[in-house]
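To start, the structure itself, in structure tokens.
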Amino acid sequence: MDIKSYFAEKLSEFLFLEISRENVEKIFKVKIPQGIYLPVNSKYIVEDVKSEKNMENIPLGYFVEGMYYVLGADENFKFGKYYKIILGSHRGNGKFIKGVVARYVKEKNYEDAYINLKGLSILEDTVELYDKLIIMVDKLRRKDNVYKEEEMNILEKAELKENYALPYFYEALLKKEDGDYERALFCINTYIEKGGEETSDVTNLKQWMISIVNYDKGKELLESDPGNPTEALKLLIPLLDIWGDNALLYYYIAVAYRMLENYEKAIYYLNEALNIDSSIVEIVNEMGINYASLGNYETAIAYLRKAFEATKSVEICTNLIMCYLNSGKLKDAKIHLEIAKKLDPKDEVVLQLENIIKNIPD
């Protein structure tokens, strides 16, 4: 369910009572061109019935709260423009709804508090109100993910305000959760630039996100065509001071050194990775590739066989075949060629190896 549907469901709890324009003028001292329907939460009506109160004597505050609530739930509501006129005609309405919000907060009814406060923000567009809205909607989102879209909408509106830091901090937290670390880093930097307090937690969050962004950029440089291992290493090696226990960081550093044909150094970092986590197949496979590049085919075969047993990957199988050929083990090469053909008979490397092997005399 999206937030619009969720709020529409909340509004279904309201009764809408028809009021003539004459009565609107009489009650609220404002003129509007037509009769309208005023909202009142059905829970108040039920309570009044239980108390045997006269239904015709509904307190004015119920309608005032109802209008703020409807604006908070749906600013484009059919009669919303008239609600704004009515609510904006008397400064006491704002004070009244702030009291209602405070009561809801005290009762820990943060949802009704938030929706009423959002309605008030449409008429009183202040930083102070947005401070409360942002903190409140973040609390709601942590309990119910349906509020995620709503929080982002509030933050986007708040970011339009000049020199307002707080929304960027909360957007940074949201984007961090989404894995959009570049945007998260931009937001935390903007938060600081706009005067947000740089506490130790904020600094740590910033440094953590810088490391994540650099890690991702380093990986991208290795995976791009052509790769750029030198620039990748400039980003990845400093992360060892922060993520010294991350096996994949050592793995990507090793890949960079292998791309630079520094196989001994690559093997050093791969050994470090295996010491941290020996179950990652990519590390085992990379170790085999580096030993094969050094001409140490026996050791390469040992690593590649282990990786192939775990994955049954045609790519690792073709690496094994080449190592068998280079070490003069034609029989093993043929056996693994048949395995590779079963895995993917149309693989280009498999087809190339088949042509090579059939031209080698037994």
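The values are calculated or read from the model by the stated rules, or taken from the named source; none is laboratory data. The structure presented is a predicted model; accordingly, all values stated were derived computationally and were not measured. So basically every Cβ, Gly included, is an ideal-geometry build from the backbone, and we count neighbours across all protein chains shown. These area figures cover heavy atoms from the full protein model, side chains too; ligands, DNA and RNA do not enter into them. Shrake-Rupley method; radii C 1.70, N 1.55, O 1.52, S 1.80 Å.
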*In this structure, does E286 turn out to be modelled with pLDDT of 95 or more and at positive phi?*
no
_Checking S224 against (1) free of Cβ contacts under 8 Å to residues at least 24 places away in the same chain; (2) closer than 30 Å to E149 by Cα; (3) of a type outside the set (D, E, K, R): exactly one of these is not met. Which one?_
(2)
_Tell me whether the stretch 331-345 contains one or more residues that are open to solvent by 40 Å² or more (accessible area, probe 1.4 Å), farther than 26 Å from Y263 by Cα and not in a helix (DSSP H, G or I)._
yes
*Any idea how many residues of the stretch 217-250 are part of a helix (DSSP H, G or I) and either open to solvent by less than 30 Å² (accessible area, probe 1.4 Å) or within 19 Å of E286 (Cα to Cα) (or both)?*
17
*Give me the pairs, please: first residue somewhere in the stretch 140-157 and farther than 13 Å from Y130 by Cα, second residue anywhere and outside any helix (DSSP H, G or I), beta-carbon distance under 8 Å, and either six or more positions apart or on two chains.*
V146/M1; V146/D2; E149/D2
*Would you mention how many residues in the stretch 158-172 are without any contact (Cβ under 8 Å) to a residue 12 or more places away in the chain and over 18 Å from I122 (Cα atoms)?*
0
*Any residue at all in the stretch 220-228 that is hydrophobic (A, V, I, L, M, F, W, C), under 23 Å from G179 (Cβ atoms) and at pLDDT 95 or above?*
yes
*asked:* Just to be sure I understand, how many residues within the stretch 256-288 are in a loop (DSSP other than H, G, I, E, B) and closer than 21 Å to T318 by Cα?
replied: 2
*Complete set of residues in the stretch 269-292 that are surrounded by 15 or more Cβ atoms within 10 Å (Cβ to Cβ) and either touching a residue at least 40 places away in the same chain (Cβ under 8 Å) or of a type outside the set (A, V, I, L, M) (or both)*: Y269, E272, E282, N285, E286, G288, N290, Y291
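Residue-wise test of (1) of a type outside the set (A, V, I, L, M, F, W, C); (2) under 24 Å from F14 (Cα atoms); (3) open to solvent by 10 Å² or more (accessible area, probe 1.4 Å).
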residue	(1), (2), (3)
I97	no, yes, no
A102	no, yes, yes
V105	no, yes, yes
N109	yes, yes, yes
A113	no, yes, no
K118	yes, yes, yes
T126	yes, no, yes
K132	yes, no, yes
*What pairs come up if the first residue lies in the stretch 351-362 and is open to solvent by 100 Å² or more (accessible area, probe 1.4 Å), the second is among the hydrophobic types (A, V, I, L, M, F, W, C) and in a helix (DSSP H, G or I), and their beta carbons are under 9 Å apart, counting only those six or more places apart or on different chains?*
D362/L330
